[in-house]
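The values are calculated or read from the model by the stated rules, or taken from the named source; none is laboratory data. Everything numeric in this text was worked out from a predicted model, so none of it was measured. Quick reminder, even Gly has a Cβ in these numbers, built from the backbone with ideal geometry, and neighbours come from all protein chains shown.
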Number of protein chains: 2
Amino acid sequence: MTSQPMRTPSVAGIARAGTKIAELLPPTPLLECEIFGQRVWLKAESLQPIGSFKIRGAWHRLTDLSEDERGRGVVGVSSGNHAQGVAWAAQQLGIDATIVMPIDAPQVKIAATQSYGARTVLYDRPGGEDRDAVAQRLVDQSGSTLVHAFADPWVIEGQGSMGLEIAAQMAARGSAGPTRIICPCGGGGLTAGLSLACPEADIVPVEPEGWDDVKHSLAAGEIQPVSKDAPPTACDALQTPSTRPINFAVLKGRVPFGLDVSPAEIRTAQRWAFSNLHLVIEPGGAAALAAVLAGKTPVDGRTAVILSGGNTDTAAFAKVLSSSV
Amino acid sequence: MTSQPMRTPSVAGIARAGTKIAELLPPTPLLECEIFGQRVWLKAESLQPIGSFKIRGAWHRLTDLSEDERGRGVVGVSSGNHAQGVAWAAQQLGIDATIVMPIDAPQVKIAATQSYGARTVLYDRPGGEDRDAVAQRLVDQSGSTLVHAFADPWVIEGQGSMGLEIAAQMAARGSAGPTRIICPCGGGGLTAGLSLACPEADIVPVEPEGWDDVKHSLAAGEIQPVSKDAPPTACDALQTPSTRPINFAVLKGRVPFGLDVSPAEIRTAQRWAFSNLHLVIEPGGAAALAAVLAGKTPVDGRTAVILSGGNTDTAAFAKVLSSSV
């Protein structure tokens, strides 16, 4: 994609993103909780103003645009959380934003994106329409800047700022930094950012069953897209067909393996967060917690678990609460 | 009640409580939100470890017990949130705790109280059994200290520490302190604490319809208990038959009036917090927000609204989400 910036995400960029974000947004809570008799740190990014961590990368990207680029607007591609991040940042900065969203995205996410003043263009994800092609057409027409949801150095750096925030919050509570960070993973933007931000921590990406392309890519040592017959998933936020070279270049050799979780494990985690934390976590946002509760990854007193978003429909959440599996 | 401490709650006591609580617990988030085009500050006390602000007063009270008093244990009386506060603090400090709870309290609150190692004694609230008499019997038998849910100077001071925390958080974000604090009100412990902690703010207590004894007491200039035929309410946390002299002495002349909210207004506020904040708020915890959303009190850029707790059953919350009124 011609407008794709090709620079490499950097530790310095993450520090700069962290400074800009700290000026704008108070840190989200790092909640302490006991799981299997062990203290675990839970990062509640669902409490960001847009309901997810995606505000970080979008803010870092849009604030770094030149005056000329700002005037020509931005195009985002997203099932909803990145969409809201770009729309929110664009509204704050007075930039025109157009967001390409799947026609089957949660209504609550489409409505929220529009509420920040962004134009939405829906594409036929179930029918296999190529969202990047739709976005590229818009970019070619308007000369605007594409802000990719994960394959963008600014976006990776912005998401990585979360790692610095976690380490600072642990330090303020008398703890050394994280030894392990377990995070939901879609395209690998957050996973790459955390990998750079916290070089001493093991990073464990968690994907929904059947959408575990990062897991397979790490095992194979090369990018492996999701299978064409991937099952339906409630984790719209993690439903990405493939990671990208800019992300995989960071992950390869740095992140040894990925995990996957089943729909029932995700619902269990959503109910656990409801009962124990009084937080609304969307399915994709609960993937890392699901892996912990299912015993798929060890935890120690310096393990951080990312609760990445809370944007879910009332009907869907009521169904999760009422379900016993 | 012979064991009732009779000292007056003080501003100095609130400052001391605030210091002790800050050493133990990170501040709960003060979320900024737009309501009716106006920025409002929402204090998410539902994110305290026990799921409500009641941890404050319980911690201040129990840490001030002498070694001798600690050895004889404590008795709490509560529908559940104060119960969990006392049980949690007692567990941290190695003190025996017995909690008198209504037989119709939410199961989730009874189970949580027991999970902190406290003994629970259930009384027949629907049948009109006098909970204070039950508690007094336990105190007389064991020589333990009664920790009342609201009619206790330490408890009032502890809850008041929230006001100092709000002012400090607003200052850190470049704002002067609150001009108005809207808070859920049961017996008046939090209302009294905030009244003392924030002398320059209007304090607006909000009660459930039919359980608005503080509202009537303020209007009458003397304590008026709840009517014997008060309607059922989902706000178990605010279901107190009467405020007490120690609370009313602070409120009288300081707090001009109270408000009440209907069951539908409370459900609307719970759904609003779900969609806009991604927080689980219990019915009683949503009373202040309900009054704001119903337009029953003005808000300005320095208004704080207390979201006091999040302890609710999954089934009850699923029903609120699924309800359209």
- How many residues, within the range B:34-56, are within 14 Å of B:I181 (Cα to Cα), aromatic (F, W, Y) and out of contact with any Lys or Arg (no Cβ under 9 Å at 6 or more places or on another chain)? 0
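So if I check each of B:V134, B:V147, which one is farther than 18 Å from B:T63 by Cα and touching a residue at least 24 places away in the same chain (Cβ under 8 Å)?
B:V134
Taking into account only those residues within the range A:162-182 that are within 14 Å of chain B (Cβ to nearest Cβ) and among the charged types (D, E, K, R), which is nearest to A:R16 (Cα to Cα)?
Across the range A:162-182, the extreme among qualifying residues is A:E165.
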- Checking A:E282 against (1) part of a loop (DSSP other than H, G, I, E, B); (2) more than 14 Å from chain B (Cβ to nearest Cβ), which single condition isn't satisfied? (2)
- Query: Any chance the range B:250-260 includes a residue that's at pLDDT below 95 and farther than 18 Å from B:H148 by Cα?
  - Reply: yes
- Single residue of B:A171, B:A118, B:A112, B:A133 found to be farther than 30 Å from B:A315 by Cα and not assigned by TED's automatic domain parsing to the domain that holds B:Q48: B:A133
- Within the range A:268-282, is even one residue in contact with a helix residue (DSSP H, G or I) (Cβ under 9 Å, 6 or more places away or on another chain), among the polar types (S, T, N, Q) and under 21 Å from A:Q159 (Cα atoms)? no
- Considering residues of the range A:163-192 that are at pLDDT 95 or above and charged (D, E, K, R) only, the residue nearest to the chain's Cα centre (by Cα): A:E165
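Inspect the range A:193-213 for any residue being closer than 13 Å to A:T240 by Cβ and part of a helix (DSSP H, G or I) and give the result as yes or no.
Yes: the range A:193-213 contains one or more residues that are closer than 13 Å to A:T240 by Cβ and part of a helix (DSSP H, G or I).
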- Query: In the range B:6-43, which residue that is under 14 Å from B:E157 (Cβ atoms) and surrounded by fewer than 14 Cβ atoms within 10 Å (Cβ to Cβ) is modelled with the lowest pLDDT?
  - Reply: B:R7
- Going through the range B:226-248 one residue at a time, which ones are surrounded by 14 or more Cβ atoms within 10 Å (Cβ to Cβ) and small (G, A, S)? B:A230, B:A234, B:A237, B:S242
- Query: Failed condition for B:A237, given (1) closer than 27 Å to A:N311 by Cβ; (2) of a type outside the set (D, E); (3) part of a helix (DSSP H, G or I), with all others met?
  - Reply: (1)
- Query: Taking the condition assigned by TED's automatic domain parsing to the domain that holds A:E282, under 19 Å from the mean Cα position of the chain (by Cα), at pLDDT 95 or above and under 23 Å from A:I14 (Cα atoms), does A:D213 pass?
  - Reply: no
- Query: Can you find even one residue in the range A:245-265 that is outside the structural domain of A:V108 (by TED's automatic domain parsing) and within 23 Å of B:P29 (Cα to Cα)?
  - Reply: no
- Message: Within the range B:1-118, considering only strands (runs of 3 or more DSSP E) that don't extend past its boundaries, which have at least 1 residues that are within 14 Å of another protein chain (Cβ to nearest Cβ) and not aromatic (F, W, Y)?
- Response: B:30-35, B:38-44
- Note on the structure: With criteria (1) in contact with a His (Cβ under 7 Å, 6 or more places away or on another chain); (2) under 16 Å from B:T312 (Cα atoms), B:Q224 comes up short on (2)
- Query: Taking the range B:119-174 as the region of interest, how many residues are surrounded by fewer than 21 Cβ atoms within 10 Å (Cβ to Cβ) and assigned to a loop (DSSP other than H, G, I, E, B)?
  - Reply: 10
- Which members of the range B:44-64 meet the condition of being surrounded by fewer than 22 Cβ atoms within 10 Å (Cβ to Cβ) and closer than 23 Å to B:V250 by Cβ? B:T63, B:D64
- Please find, within the range A:289-315, the residue that is modelled with the highest pLDDT out of those that are surrounded by fewer than 17 Cβ atoms within 10 Å (Cβ to Cβ) and within 14 Å of another protein chain (Cβ to nearest Cβ). A:A315
- Number of the condition not met by A:D260 [criteria: (1) within 14 Å of chain B (Cβ to nearest Cβ); (2) free of Cβ contacts under 8 Å to residues at least 60 places away in the same chain; (3) touching a Lys or Arg at 6+ places or on another chain (Cβ under 7 Å)]: (1)
